[in-house]
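Working notes for the structure below.
The values are calculated or read from the model by the stated rules, or taken from the named source; none is laboratory data. What you see is a predicted model; the values in this text were computed from it and never measured. Using ideal geometry, Cβ is built from the backbone for each residue, glycine included, and neighbour counts are taken over all protein chains shown.
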Amino acid sequence: MAANKKLLIVAGDGIGPEVMTQVKRVIAWFDKRQGLTFDVGEELVGGVSYDKHKTPLTDEVMGKALEADAVLLGAVGGPKWDNLPFADKPERGLLRLRKEMELFANLRPALVFDALAEASSLKTELVKGLDIMIVRELTGGVYFGSPRGIETLPNGERRGINTQVYTTSEIVRVARVAFELAQKRSKKLCSVEKANVMESGVLWREEVTKLAPEYKDVALSHMYADNCAMQLVRQPKQFDVIVTDNLFGDLLSDCAAMLTGSLGMLPSASLGATDQQGRRRALYEPVHGSAPDIAGQGKANPLAALLSYSMMLRYSFDLAKEADLLDTAAKNVVAKGFRTGDIMSPGATLVSTTGMGDEILKELDRLG
Ligand code: NAI
Ligand code: MG
């Protein structure tokens, strides 16, 4: 099945290609063992694209991303390209993908593997079993609103300006993604803003509240963003799905992520609008960057990329059984004590990037 579904892999720079190599092995496993065949293409993005084409993303690759059913990205950037002009920087390749694909909903799970709960900066009992999903609005709000800029006032003082702007449709479309996710999870949604001090927050709360009758099975609550930050470190397991704007989501998703221990474990999905054929634009990528400090040494943890692939199976293709299989394999491998350096603990077995891939495949063989 799925043979007509197009995947575009853009592995990018640094450890991007290293972790994506393990993803490709898992794609091949599902193809061979479960008949899950995708039409897989591979292209350049980031610094490697700049080196070859003098741009971090060619129009041709952009076009392929728009045609794909899902895009899988590794990471972009690195010291080699740090001094390029802003428009040529590797990060611009990723930003262009996000912008032209109109990816307005960023899904950031914060999931703690039992075997790693002790690595959290919080007490083990607070995070053991933690499984929350933060949905961050990604294309609106204060990072994009106008007016913006730095101006000089008549008295010579300078003033920096950014504007928080949300329209009803921007709020409604990301809230719907969050409600639908909550329906598939523990049926709890917490909407986060600062309606006490921001008009955009008042509108946010009104629009989310208006949608609630359409999702009667979901228990909706509201929370101010500052309180949410406190609650995330005080009692994180009270949450299931959190939906919030671009700025608060940026901070709260990083905060929630770190409850789980390592960047090497964190996947993400960015979803866009649904087209006439019912396809939702989507890009899946690990949260981490290109990790130049460990690139080329076989040290990168491929689990964030592998879990991003499992999010793709779940959210782009409704393949929950296959996604569960891969998630379980990842949990079991870690529970058996196989660790890359970033999640290493006393008594565990240190493995390389490829070694982790080997163990995942063995576990898939055993489970599948
Ligand atoms: P980073 O995420 O690349 O690395 C931060 C630290 O975490 C490093 O010590 C790294 O070794 C470690 N780390 C990250 N991923 C790991 C993994 N899978 N396994 C084991 N250890 C891992 O962030 P940093 O250092 O701030 O940025 C490096 C480059 O990556 C920069 O050029 C930056 O612009 C770019 N970047 C790209 C992103 C993307 O492509 N989405 C996101 C963040 C940064
Ligand atoms: Mg951030």
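General remarks:
- Filter result for L271 (within 16 Å of ligand 2 (Cβ to nearest atom) and either charged (D, E, K, R) or in contact (Cβ under 8 Å) with a residue 24 or more places away in the chain (or both)): no
- If you go through the stretch 89-105 and keep only what is surrounded by 15 or more Cβ atoms within 10 Å (Cβ to Cβ) and either within 9 Å of ligand 1 (Cβ to nearest atom) or in a helix (DSSP H, G or I) (or both), you end up with K89, P90, E91, R92, G93, L94, R96, L97, R98, E100.
- Residue among I15, I27 that alone is within 16 Å of ligand 1 (Cβ to nearest atom) and among the β-branched types (V, I, T): I15
- Some residue of the stretch 106-123 being polar (S, T, N, Q), closer than 18 Å to L307 by Cβ, in a strand (DSSP E or B) and in contact (Cβ under 8 Å) with a residue 40 or more places away in the chain: yes
- Residue pairs whose Cβ atoms lie under 8 Å apart, sitting 6 or more positions apart in sequence or on different chains, and linking a residue in the stretch 304-327 that is modelled with pLDDT of 95 or more to a partner that is within 16 Å of ligand 2 (Cβ to nearest atom) and in a helix (DSSP H, G or I), are A304/L263.
- Residue within the stretch 47-69 that is touching a Gly at 6+ places or on another chain (Cβ under 7 Å), assigned to a strand (DSSP E or B) and either under 25 Å from G298 (Cβ atoms) or within 16 Å of ligand 2 (Cβ to nearest atom) (or both) present: no
- Within the stretch 32-86, considering residues that are more than 22 Å from the chain's Cα centre (by Cα) and among the acidic types (D, E), the one nearest to S290 (Cα to Cα): D82
- Qualifying positions in the stretch 12-46 - under 29 Å from D82 (Cβ atoms) and part of a helix (DSSP H, G or I): G16, P17, E18, V19, M20, T21, Q22, V23, K24
- Considering the conditions (1) in contact with a Gly (Cβ under 7 Å, 6 or more places away or on another chain); (2) without any contact (Cβ under 8 Å) to a residue 24 or more places away in the chain, W81 is excluded by exactly one of them, (2).
- Test for S253: is it outside any helix (DSSP H, G or I), within 16 Å of ligand 1 (Cβ to nearest atom) and either surrounded by fewer than 20 Cβ atoms within 10 Å (Cβ to Cβ) or of a type in the set (S, T, N, Q) (or both): no
- Sub-6 Å Cβ pairs linking a first residue in the stretch 244-268 that is within 11 Å of ligand 2 (Cβ to nearest atom) to a second residue that is hydroxyl-bearing (S, T, Y) and not in a strand (DSSP E or B), at least 6 apart or interchain, are N246/Y143, ordered by first then second residue.
- Residue selected from the stretch 256-282 under the condition out of contact with any strand residue (DSSP E or B) (no Cβ under 7 Å at 6 or more places or on another chain) and within 16 Å of ligand 1 (Cβ to nearest atom), by the criterion modelled with the lowest pLDDT: G261
- Among the residues of the stretch 231-250, those identified as closer than 21 Å to A119 by Cβ and either assigned to a helix (DSSP H, G or I) or basic (K, R) (or both) are L232, V233, R234, P236, K237.
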